[in-house]
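The values are calculated or read from the model by the stated rules, or taken from the named source; none is laboratory data. These figures come from a predicted structure and were not determined experimentally. Here the Cβ positions follow ideal geometry from the backbone for every residue, glycine too, while neighbour counts run over all protein chains shown.
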Amino acid sequence: MTQPDWWYDDLKQVGLDFEDEAEVATYDARQGGSSDADRALLTRLGVTPTTAMADIGCGTGLLACTAATMAGSVRAIDVSAAMLRAAQARAKSQGLANITFEREGFLTFAGSGDLDLIVTKAALHHLPDLWKAVALTRMRDALKPGGRIYIRDVVFNCTPDAVPLTAARWIEDLIQQSGYSRADGACHVREEHSTFGWILERMISEAGFTLLERTHDGVYATYLAEAPG
Ligand SMILES: C[S@@+](CC[C@H](N)C(=O)[O-])C[C@H]1O[C@@H](n2cnc3c(N)ncnc32)[C@H](O)[C@@H]1O
């Protein structure tokens, strides 16, 4: 679909460059995800062999490939061709046939109301706030009535006054607890559009979702929400 000239181009990289092969090659070690944790999450989200789902901002495909061993079909969507190559290689090594790969973003992926579940982890913050809200409406429209969205992301669960202290503390924790550097953390806060939890929560409800669950753990938040029935 042709978009107007004011539409946000979300195929471009913002902040850390996930088109950089070196970034992609070291991503899993830095991020510290695990397929066991993803499997437990997907089980809790009710994924079964009849589930049609998408992982938007799928990165190297750790969750998407685990999902493909449990779901009927998985759409692995990401703006980074380099990330998608890594995800495709993972799927191939696992012999997965029910997963497709799409070089698209939140603002370009095709949705036709046939998904039971959309998962998006550590990706929505790449959009400025106006476009996060638009992305939520697009994800709503891609879901079946009553379908669910699970969002995990870095958000500021604080007042505006507390942003400097919260950001500084998070960057310290990030260095201690993951493979990310101070420069990576600074780049995230400065360039990657993480917003306030209370703004994201309002966006989710303004898009017509019913919030079912919310967790806050420092700057990490998860939201499970249901599309209108
Ligand atoms: C921090 S990684 C998270 C990857 C994976 N979801 C995970 O939890 O490990 C962020 C991913 O979002 C992708 N991304 C950035 N902007 C995006 C957008 N507008 N639409 C879809 N994916 C995007 C990046 O290319 C990158 O692969």
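A single member of A123, A186, A162, A168 is more than 19 Å from the chain's Cα centre (by Cα), within 16 Å of the ligand (Cβ to nearest atom) and not β-branched (V, I, T), and it is A186. Contact annotation: no residue pair with Cβ atoms under 7 Å, 6 or more positions apart or on different chains, pairs a residue in the stretch 142-155 that is closer than 16 Å to L41 by Cα and away from the ligand (no atom under 11 Å from the Cβ) with a partner that is aromatic (F, W, Y) and modelled with pLDDT under 95. Scanning the stretch 51-76 for residues that are surrounded by fewer than 24 Cβ atoms within 10 Å (Cβ to Cβ) and within 8 Å of the ligand (Cβ to nearest atom) gives G57, L62.
Criterion first (touching a residue at least 24 places away in the same chain (Cβ under 8 Å), more than 8 Å from the ligand (Cβ to nearest atom) and surrounded by 18 or more Cβ atoms within 10 Å (Cβ to Cβ)) does V79 satisfy it?
Working: touching a residue at least 24 places away in the same chain (Cβ under 8 Å): yes; more than 8 Å from the ligand (Cβ to nearest atom): no; surrounded by 18 or more Cβ atoms within 10 Å (Cβ to Cβ): yes.
Taking the combined requirement at face value, the residue does not satisfy it.
Any residue in the stretch 66-73 that is under 21 Å from K12 (Cβ atoms) and either under 18 Å from the mean Cα position of the chain (by Cα) or not in a strand (DSSP E or B) (or both)? Within the stretch 66-73 (the criterion being under 21 Å from K12 (Cβ atoms) and either under 18 Å from the mean Cα position of the chain (by Cα) or not in a strand (DSSP E or B) (or both)), the answer is no, since none of the residues qualifies. Of the residues that make up the stretch 47-65, is at least one assigned to a loop (DSSP other than H, G, I, E, B), under 17 Å from the mean Cα position of the chain (by Cα) and more than 14 Å from A123 (Cα to Cα)? Scanning the stretch 47-65, I find no residue that is assigned to a loop (DSSP other than H, G, I, E, B), under 17 Å from the mean Cα position of the chain (by Cα) and more than 14 Å from A123 (Cα to Cα), so the answer is no. For the stretch 114-141, the tally of residues that are without any contact (Cβ under 8 Å) to a residue 40 or more places away in the chain and among the acidic types (D, E) stands at 1. Only residues that are closer than 17 Å to D10 by Cβ, surrounded by fewer than 20 Cβ atoms within 10 Å (Cβ to Cβ), within 12 Å of the ligand (Cβ to nearest atom) and not polar (S, T, N, Q) were counted in the stretch 83-120, giving 4. Could you tell me how many of the residues in the stretch 66-82 are of a type outside the set (D, E) and either touching a helix residue (DSSP H, G or I) at 6+ places or on another chain (Cβ under 6 Å) or more than 21 Å from L127 (Cα to Cα) (or both)? Here the count works out to 11.
Residues in the stretch 22-42 that are away from the ligand (no atom under 12 Å from the Cβ) and modelled with pLDDT under 95: A22, A25, T26.
Do we find a residue being farther than 22 Å from Y223 by Cβ, of a type in the set (A, V, I, L, M) and in contact (Cβ under 8 Å) with a residue 24 or more places away in the chain anywhere in the stretch 67-75? Quick ask: steps written out before the conclusion?
Step one: list which residues in the stretch 67-75 are farther than 22 Å from Y223 by Cβ, which gives 68-69, 72-73.
Going one step further and asking which of them are of a type in the set (A, V, I, L, M), we end up with 68.
From what is left, the residues that are in contact (Cβ under 8 Å) with a residue 24 or more places away in the chain are 68.
The answer is yes, given that some residue of the stretch 67-75 is farther than 22 Å from Y223 by Cβ, of a type in the set (A, V, I, L, M) and in contact (Cβ under 8 Å) with a residue 24 or more places away in the chain.
Annotation note: Cβ proximity below 6 Å between a residue of the stretch 36-65 that is at negative phi and a residue that is in a loop (DSSP other than H, G, I, E, B) and modelled with pLDDT under 95 (sequence gap 6+ or interchain) occurs for L62/G33.
Taking the conditions (1) closer than 18 Å to H126 by Cα; (2) under 19 Å from the mean Cα position of the chain (by Cα) in turn, S178 satisfies each one other than (1).
Only helices (runs of 4 or more DSSP H) whose full extent lies in the stretch 145-210 are considered here, and the ones with at least 1 residues that are modelled with pLDDT of 95 or more and closer than 20 Å to G57 by Cα are 182-191, 197-206.
Applying the set (1) in a loop (DSSP other than H, G, I, E, B); (2) in contact with an Asp or Glu (Cβ under 6 Å, 6 or more places away or on another chain); (3) within 17 Å of G197 (Cβ to Cβ) to H125 leaves exactly one unmet item: (1).
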